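The values are calculated or read from the model by the stated rules, or taken from the named source; none is laboratory data. What you see is a predicted model; the values in this text were computed from it and never measured. Here the Cβ is made from the backbone with ideal geometry for all residues, glycine too, and neighbour counts use every protein chain on show.
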Amino acid sequence: MADEMTQAALKQRMSDAEAAGWEALVAELDRIPPDRIDAPGAGPDDWTVRDVVFHLAVWADEAAAQLAAVRNGTYRATDIDTDARNAEYLRAGRSLDAAAALARLERARARLLAQWSALSELSPPAVEWFGEDGTEHYVEHLAELRAFADEVGSPKRPGAALRRAAIMDAEREGWEEIDAVIGSISPGELERAGVTPDGWTVKDTMWHVAMWWRDFVDTVPRFADPAFDPDDEDAEETDAINRRWFEESRELALDVVRKRWTDARAEGVAAFAAMPDPPRTAERWFVECGPTHYEKHLIDLRAFGQGDGELPGSSRGPV
């Protein structure tokens, strides 16, 4: 029990550090005008902001893949030529526009957080990959981004609208992926237990995701209060909410759940899009209910859809 508590404390501490590092990174990105994103000077060797963003994204994706290997028991330590990889990624990133690079970063971070959340125990490789390609990587590039923002930027957040559009692109891509995975599962399997170790069905998962979107819509008016934090609920409260929605889904017809699945997401996206200048609390909650939440459940849904019976972990809600 002591080891479990120590691991839980370490995981929470590292999660909190990643979130703080991400917020610092976002604050600097928002200060940079869109017309300066492709100007040199934001990173090493005259990298642009777009170069830095794509660089962070591909390494976060690499870390997510390595965490998945740790979780599945297939991880093998290998030597990586970091300089060669960085040169390759730099070339690849320059084929994208800034909006695509920002969306790639949002999705990569969502994958990283989902794989980190799904780990049942922390091994040294998992801690190393999450730390080095999350928090530490943000910090590594933060000073040059801040200096660049000081030179060309503004405290009025001229880059926030472009980044917000990238968040919505990341949500749309994630939604298309999770909806396609669910669509690939035969109708007869949608109500069979086994998606998670505690007995969820695909239908339960659909209702659960939809209800968190409905919660987002209901919460929108409260985001105007600077003191409001949707994450104030503790783990026990969140578990109770998820349990209530789980029981609700068991009483509903599949067609009812299907409709709520699509309608609630559409309402959530529309509510976010209608906000003229969402505060960071609203952006964070949108990402939690959308890209990050999809990635958490895609872990289990993919395993269930493949029929391998190996359930590496359960992901239950935007916590």
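Remarks
- Contact annotation: residue pairs with Cβ atoms under 9 Å, 6 or more positions apart or on different chains, pairing a residue in the stretch 251-280 that is in contact (Cβ under 8 Å) with a residue 40 or more places away in the chain and under 11 Å from Met211 (Cα atoms) with a partner that is among the hydroxyl-bearing types (Ser, Thr, Tyr) and part of a helix (DSSP H, G or I), are Val257/Ser249.
- Test: residue in the stretch 48-71 that is acidic (Asp, Glu) and loosely packed, with under 15 Cβ neighbours inside 10 Å: no
- Residue list for the stretch 131-160, restricted to those being in a helix (DSSP H, G or I) and in contact with a Pro (Cβ under 8 Å, 6 or more places away or on another chain): Glu144, Val152
- Contact map, the stretch 86-100: residues that are in contact (Cβ under 8 Å) with a residue 60 or more places away in the chain paired with residues that are part of a loop (DSSP other than H, G, I, E, B) and crowded, with 17+ Cβ neighbours inside 10 Å, Cβ distance under 7 Å, separation 6+ or inter-chain. Pairs shown: Ala98/Ile37.
- Selection of helices (runs of 4 or more DSSP H) fully inside the stretch 45-118 by the criterion of at least 1 residues being within 21 Å of His293 (Cα to Cα) returns 49-72, 98-118.
- Any pair with Cβ under 8 angstrom, 6 or more apart, that starts in the stretch 187-198 at a residue that is in the same structural domain as Leu298 (by TED's automatic domain parsing) and ends at one that is loosely packed, with under 15 Cβ neighbours inside 10 Å and part of a loop (DSSP other than H, G, I, E, B): Ala193/Gly199; Gly194/Gly309
- Checking Pro291, Pro276, Pro312 one by one, the residue that is over 25 Å from Glu189 (Cβ atoms), modelled with pLDDT under 95 and not charged (D, E, K, R) is Pro276 and no other.
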